[in-house]
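Taking it in order: structure first as structure tokens, then the write-up.
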Amino acid sequence: MSVHPEHDTSHWKWYSWPRFFNRDECLEIGNFIDNNYVGLEDLTLGATTEGGITKKKLSSVKHINYGQIKHLISPIIDEAFYMAQNKFGYLTNGPHDRELLNFNTYSGESKDTYDWHIDESANSQEDMKLTLLINLSTEVFEGGDFETWVYDKQIQPSLAIHGSCFMFKSHIPHRVLPVTKGTRKSLTFWITGPRFR
Amino acid sequence: MIRQDHDTSDWKYYIWPKYFTPEQCKELGDFIDSNYISSGDGDYTARNNKGEPLKAISNVKSISYEAIKHLISPLINNAFYIANNKFGYLTFGPYDVEQLNFNTYSSDSHDQYRWHIDESPNSQEDIKLTLLMNLSTEEYEGGEFETYIYEKKRIDEFSQPGSVYMFPSKFHHRVLPVTSGTRKSLTFFITGPRFR
């Protein structure tokens, strides 16, 4: 039997889950992180250009362990690992309880933004394979479009809707355009695995 | 203990400055001009999401590795060593049937190759590393090679004829328009089992 064309996922670059969480769930997850986060990122240490210009201008980045929050997000993490292994064909690590997720708050008042970057592991024994973004915004915001670059620069409108999730290959350049009004909140989980070879 | 300079896990490129002499560049170019198997690379060329080709090059000639290996095998050997031992990649080949692209960028038509990545149309392999050889034999202007990994970076060392540059094919790269003279480059793709 031949492979059905739509079953050939070898060219996939990303996958999206529109409105995976409802507004109440977004609120619950956001509140839980606000009350339980284990650390705050020093935003002076974020990704920079070789000229030292900061690419990441956010109001706050809160860290939380997967073990603390899995009771709220394990359904999407399960989904993401299924896709990572069965559709992207990747070998993966975890998910381990001690993995850290980033909860990013982009404020319209300070025109928060995250310029073009790629996601890479600092650990030589693993590669970041896929980046999973969860839009946990609970209020209306303007700007803050998420854009990817594969041949063309392309806004990903599916992630703009609260509760939506978007997963893409971590080496793909991506950015968040300035938020111009309201607040945009997103939670990031990185699917890692043994080094690509 | 691993010495700092032996940790190659963050390598993003490898360069062989002026690997070929001007005489060798000429010999290679002449050999390809007399022995190429086809011209133009048709449907396999990189395209944007609208299906427009990103490559505006006057002349692309294909040649098999079999035909040309007597002139480039020491380099290819070295590149596979770096691919396996330094980048840690599993590879296929090099096989005689693999095709190399010999690109001629003419200033008359301001030839260029816009931002693109190198990908295999074959679902059983990934293109892992792209090896570029600058085989230009006359002076040219423009035609700078740029990569985009963390930011846009111009690779000045590769502009010197005879230089060879290798980088992971999944990162964007481009050739700016050639404004005078002719720029010639030969490309070899190092493939392997799919990244997983």
Inset, instruction - Examine the range B:44-61 for a residue that is closer than 14 Å to B:Asn101 by Cα and surrounded by fewer than 14 Cβ atoms within 10 Å (Cβ to Cβ), and state whether such a residue exists. - result: yes
Inset, instruction - Having 2 or more residues that are under 18 Å from A:Lys169 (Cβ atoms) and touching a residue at least 60 places away in the same chain (Cβ under 8 Å) is the bar; report the strands (runs of 3 or more DSSP E) wholly within the range A:55-132 that clear it. - result: A:113-117
Legend entry - Condition met for B:Asn49 (in a helix (DSSP H, G or I) and either without any contact (Cβ under 8 Å) to a residue 24 or more places away in the chain or farther than 27 Å from B:Arg154 by Cα (or both)): no
Inset, instruction - Among the residues of the range A:179-197, count how many are within 14 Å of another protein chain (Cβ to nearest Cβ), farther than 16 Å from A:Leu133 by Cα and not in a loop (DSSP other than H, G, I, E, B). - result: 1
Legend entry - Counted residues, the range B:139-182 - those being of a type outside the set (Lys, Arg) and part of a strand (DSSP E or B): 20
Inset, instruction - From B:Ser185, B:Ser136, B:Ser109, B:Ser123, grab the single residue that is part of a loop (DSSP other than H, G, I, E, B), buried (at least 20 other Cβ atoms within 10 Å of the Cβ) and among the polar types (S, T, N, Q). - result: B:Ser136
Legend entry - Qualifying residue in the range B:128-148 (condition: more than 22 Å from B:Val60 (Cβ to Cβ), at pLDDT 95 or above and within 17 Å of the chain's Cα centre (by Cα)): yes
Legend entry - Filter result (within 14 Å of chain B (Cβ to nearest Cβ) and either β-branched (Val, Ile, Thr) or touching a Gly at 6+ places or on another chain (Cβ under 6 Å) (or both)) within the range A:154-178: A:Ile155, A:Ile172
Inset, instruction - Inspect all residues belonging to the range B:33-43 and state whether any of them is within 14 Å of chain A (Cβ to nearest Cβ) and under 27 Å from B:Tyr148 (Cβ atoms). - result: no
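Among the residues that make up the range B:44-58, is at least one of them over 30 Å from A:Ala122 (Cβ atoms) and at pLDDT 95 or above?
For the range B:44-58, residues over 30 Å from A:Ala122 (Cβ atoms) and at pLDDT 95 or above: absent.
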Inset, instruction - Quick one: A:Glu147 ticks every box in (1) within 12 Å of chain B (Cβ to nearest Cβ); (2) surrounded by fewer than 17 Cβ atoms within 10 Å (Cβ to Cβ); (3) part of a strand (DSSP E or B) except a single one, so which number is it? - result: (1)
Legend entry - Residue check, B:Lys18 farther than 17 Å from B:Lys170 by Cβ, in a loop (DSSP other than H, G, I, E, B), basic (Lys, Arg) and away from chain A (no Cβ under 14 Å): yes
Inset, instruction - Please find, within the range B:108-146, the residue that is farthest from B:Phe31 (Cα to Cα) out of those that are within 14 Å of chain A (Cβ to nearest Cβ) and among the β-branched types (Val, Ile, Thr). - result: B:Ile117
Legend entry - Those residues of the range A:84-114 which are within 14 Å of chain B (Cβ to nearest Cβ) and either surrounded by fewer than 19 Cβ atoms within 10 Å (Cβ to Cβ) or of a type in the set (S, T, N, Q) (or both), in sequence order: A:Gln85, A:Asn86, A:Lys87, A:Gly89, A:Leu91, A:Thr92, A:Asn93
Legend entry - In the range B:73-107, the residues that are away from chain A (no Cβ under 14 Å), under 16 Å from the mean Cα position of the chain (by Cα) and of a type in the set (Gly, Ala, Ser): B:Ser73, B:Ala79
Inset, instruction - Report yes if B:Leu129 is among the aliphatic types (A, V, I, L, M) and more than 22 Å from B:Lys12 (Cβ to Cβ), otherwise no. - result: no
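The values are calculated or read from the model by the stated rules, or taken from the named source; none is laboratory data. Values in this document were obtained by computation on a predicted structure and should not be read as measured data. As a convention, Cβ positions derive from the backbone with ideal geometry for all residues, glycine included, and neighbour counts pool all protein chains shown.
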